[in-house]
1. So how much slack lies between residue 117 and residue 310, counting 0.36 nm per residue of separation and subtracting their Cα-Cα distance, in nm?
2. How many nm is it between the label spots at residue 214 and residue 260, if each spot is 7 Å from the Cα in line with the beta carbon?
3. If r is the Cβ-Cβ distance from residue 153 to residue 271 and R0 is 45 Å, what FRET efficiency results, to the nearest 0.05?
4. Tell me, in nm to one decimal, what length is gained between residue 134 and residue 223 on full extension, where the rule is 0.36 nm per residue of separation less the Cα-Cα distance?
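A short reminder: the numbers here are calculations on the coordinates, not readings from a lab. Nothing here was measured: the structure is a model prediction, and the numbers come from that model. A quick note on method: Cβ atoms are made from the backbone with ideal geometry, for glycine too, and the neighbour counts reach across all protein chains shown.
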């Protein structure tokens with residue numbers, strides 16, 4: 001969304017899952033931190049989503065045959081909640097720190113250049129900071145409202161307000177109106193297409209959600225091919241693509257798998273996502289579930305789970321979600 005990103009906190013269910021996994025791999029300090037985060041999330045009002053997949057077989061393998069532990073994990077984590085639009089393992093704080101460092105370096109490189117003042121952009125950034133860093137809904141809402149007062153059809157401001165209302169458990173009807181207005185005036189605004197798809201999916205409007213996901217991917221791939229012959233790969237470098245590309249493929253794949261029961265279609269999207277980003281945790285995790293549940297290929301499923309967990313461990317074993 002033109003450099004805009006809202007980072008939202010992980011739910012208690014996700015922290016609980018991480019804590020269980022950390023215990024299995026004997027990462028006790030990190031597990032303690034995860035359990036603490038789990039309790040803090042449960043004490044607050046923000047825990048609204050849960051991972052959909054049982055990890056019993058994986059935990060059984062990691063624990064060296066602890067069938068009771070595996071069964072308990074299956075019971076706790078086996079509920080596939082269709083109400084959540086995201087079925088992704090959260091991105092890590094390390095990723096967020098890397099992004100922040102990159103942003104700071106870019107800022108240092110432009111300090112000597114004169115940049116035009118953009119009050120709408122400033123207000124959007126102010127709102128994002130209030131939500132990302134302070135979890136302050138009122139300040140974020142005020143900043144986004146002020147941005148929209150200056151520019152009522154600004155797609156970044158409309159999308160930011162939609163995401164804020166959606167993820168804070170606010171007025172979902174208003175959130176949908178903001179996303180729809182953004183898309184009406186900016187039909188190729190990728191973030192609005194992606195997040196509106198998530199909201200529609202959470203409301204069981206699967207046809208409309210799938211349309212949003214397809215449109216988002218089409219826009220991203222069209223942008224990647226602008227001015228290039230059709231035989232040229234869409235993206236030469238990972239950094240050339242919109243950051244929501246793989247997430248959108250992943251969510252669309254999950255919709256096909258869970259709602260359409262289109263296993264071949266879902267697998268094709270997961271393959272496409274992994275061809276672009278072979279280490280994407282969310283895709284690896286969802287692909288593992290597809291292989292386990294639909295293909296009954298338990299060895300391949302475990303391999304996917306292990307790759308996903310390796311990425312979690314490599315990213316300091318702390319989870320976050322980019323939105």
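1. On the way: separation 193, 0.36 × 193 = 69.48 nm, distance 4.34 nm.
Full extension of this stretch gives 65.1 nm more.
2. Each label point lies 7 Å from its Cα, and together they span 0.8 nm.
3. Details: r = 38 Å, r/R0 = 0.84.
Efficiency computed from Cβ-Cβ geometry: 0.75.
4. Numbers: separation 89, 0.36 × 89 = 32.04 nm, distance 3.44 nm.
Stretched out fully, the residue 134 to residue 223 stretch lengthens by 28.6 nm.
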